[in-house]
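All remarks here apply to the structure that follows.
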Amino acid sequence: MHVNQKLTRRLPIIARYNYYHPLRSRPRQMTTTSATLEAPSYRFIDIAVNLTDPVFRGTYHGKKKHDDDMDSMLERARKAGLKSMIITGTSLQESRDALSLARELGFFCTVGCHPTRSAEFDQFKGGADAYLLALDKLVASNLNGKGRAVAIGECGLDYDRLRFATQEVQQRHFRSQLSLAKKYHLPLFLHSRAAHADFVRILREEGFGEDGGKAMGGKGGVVHSFTGSTEEVAELMDMGFYISVNGCSLKTEENLQTAKAIRSDRILLETDAPWCSMTGGHASKHHLALLSPTLKELYFPPSTKPENFTLGKPVKGRNEPSAVGGVAWVIHQLHDIALETLTETAFKNTTDLFALEIDEVL
Ligand SMILES: [Zn+2]
């Protein structure tokens, strides 16, 4: 009797849990939850996700900490309004991995070599020319269909991390990758850290000084994870580039001033997941505090530490694409425009820059 009573009391709870389980629920089944009923459908394309990172398979610094939860992470992203993503390629091998994952998931990716990985060019069998040729071939054979390469990069300069590659090495291989953008008429996916003067000098010298390099066959591009000054942002927009922001771009009061200075017709949104989480110590905190409970639940669902991993819940400290909504929220606050206006503008900027067809991102 006692046991039976317990069972009858527990049954509805189990049934409800199953019903709401993120891996099993589908939008039309969700119509009875207040969260879904109230949640306006803001839509996003996260333009910078490092989905090839092993943390999405449960491995941190070579150590397996929990089960692969890529699917449940993607389900949370879907619920948060993500329509597509651009997976970042950060080296020859990682660009190959990004491409195969993008093909598998129906997303998009970039092909290129990050400045901190640029020593790989000279270490490559056959030398730097052979490495560039391998990137070139990878682009050439992946220009069509879902999962295709939509940008050259991640490339650029990172003077905060010279221990991986000197300024000279970074500059040489940044310059050589610009040739691929001109050759294939693809936008650039750019990274610039503490190197603005050299960064814009090289871009200008290679024909990207105005209109994003249109006259030279270029298609502009985006400087992602932007953390520079208002003057720098103005110069890059003048040259015809888009600026993309994430949690790292909203850390300090100065960052917020810069984010405010990005014109909405030039802004793109990203998370740089699993990096660049927005945390309590950041200047963005005051703006995030104004998120409605409904949106907070969608963009920042309650997380658990890796050691207490529960399938269906995010892992603390590991940023995920669903948080792109939080980035959008802070920007709409700073720009003092409606959230929908901001998200739709960023969405259109993204499809314009990367030449994504609307039926590919719905
Ligand atoms: Zn970067």
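The values are calculated or read from the model by the stated rules, or taken from the named source; none is laboratory data. Remember, predicted model here, so these are calculated numbers, not experimental data. Neighbour counts are summed over all protein chains in view; Cβ atoms, including those assigned to glycine, are modelled from backbone coordinates with ideal geometry.
Table: residues versus (1) of a type in the set (D, E, K, R); (2) farther than 25 Å from residue 173 by Cα.
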residue: 209; (1), (2): no, no
residue: 213; (1), (2): no, no
residue: 224; (1), (2): no, no
residue: 230; (1), (2): no, yes
residue: 235; (1), (2): yes, no
residue: 239; (1), (2): no, no
residue: 254; (1), (2): yes, yes
residue: 277; (1), (2): no, yes
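Which number in (1) within 16 Å of the ligand (Cβ to nearest atom); (2) part of a helix (DSSP H, G or I) marks the one condition that residue 213 misses?
Only one criterion is unmet by residue 213, namely (1).
Could you list, in sequence order, all residues of the range 290-330 that are touching a residue at least 60 places away in the same chain (Cβ under 8 Å), aromatic (Phe, Trp, Tyr) and assigned to a helix (DSSP H, G or I)?
Passing the criteria: only 299.
Do we find that residue 76 is surrounded by fewer than 17 Cβ atoms within 10 Å (Cβ to Cβ) and modelled with pLDDT of 95 or more in this structure?
So residue 76 does not fit the description; no.
Go through (1) more than 16 Å from the ligand (Cβ to nearest atom); (2) at pLDDT 95 or above; (3) in contact with a helix residue (DSSP H, G or I) (Cβ under 6 Å, 6 or more places away or on another chain) and name the single condition residue 118 misses.
(1)
Filter the range 21-59 for residues that are modelled with pLDDT of 95 or more and not in a loop (DSSP other than H, G, I, E, B) and give the result.
The answer is 44, 45, 46, 47, 48, 49, 54, 55, 56, 57, 59.
May I ask you to say which residue of 284, 292 is of a type in the set (S, T, N, Q) and within 20 Å of the chain's Cα centre (by Cα)?
Numbers: 292 fails: within 20 Å of the chain's Cα centre (by Cα).
Checking each option against the conditions leaves just 284.
If the Cβ limit is 7 Å and pairs must be 6+ apart or interchain, which residue in the range 268-289 that is free of Cβ contacts under 8 Å to residues at least 40 places away in the same chain and over 18 Å from residue 320 (Cβ atoms) pairs with which residue that is more than 16 Å from the ligand (Cβ to nearest atom) and acidic (Asp, Glu)?
If the second residue must be more than 16 Å from the ligand (Cβ to nearest atom) and acidic (Asp, Glu), the pairs left are 283/253.
More than 20 Å from the chain's Cα centre (by Cα), among the aliphatic types (A, V, I, L, M) and surrounded by 18 or more Cβ atoms within 10 Å (Cβ to Cβ): which single residue out of 200, 233, 245, 222 fits that description?
Being more than 20 Å from the chain's Cα centre (by Cα), among the aliphatic types (A, V, I, L, M) and surrounded by 18 or more Cβ atoms within 10 Å (Cβ to Cβ) holds for just one of 200, 233, 245, 222, which is 200.
Cβ-Cβ under 9 Å, sequence separation 6+ or interchain: first residue in the range 174-188 and within 16 Å of residue 129 (Cα to Cα), partner of a type in the set (D, E, K, R) and part of a helix (DSSP H, G or I). Which pairs?
174/198; 175/205; 176/129; 179/136; 180/136; 183/136
For residue 275, work out the one condition from (1) touching a Ser or Thr at 6+ places or on another chain (Cβ under 8 Å); (2) within 14 Å of residue 244 (Cβ to Cβ) it doesn't fulfil.
Tallying (1) touching a Ser or Thr at 6+ places or on another chain (Cβ under 8 Å); (2) within 14 Å of residue 244 (Cβ to Cβ), residue 275 fails exactly one: (1).
Mind checking which pairs have a first residue in the range 113-128 that is more than 21 Å from residue 98 (Cα to Cα) and among the acidic types (Asp, Glu) and a second that is more than 16 Å from the ligand (Cβ to nearest atom) and at pLDDT 95 or above, Cβ under 8 Å, 6 or more apart or different chains?
Taking only residues 6 or more apart or on different chains, the pairs are 122/128; 122/169.
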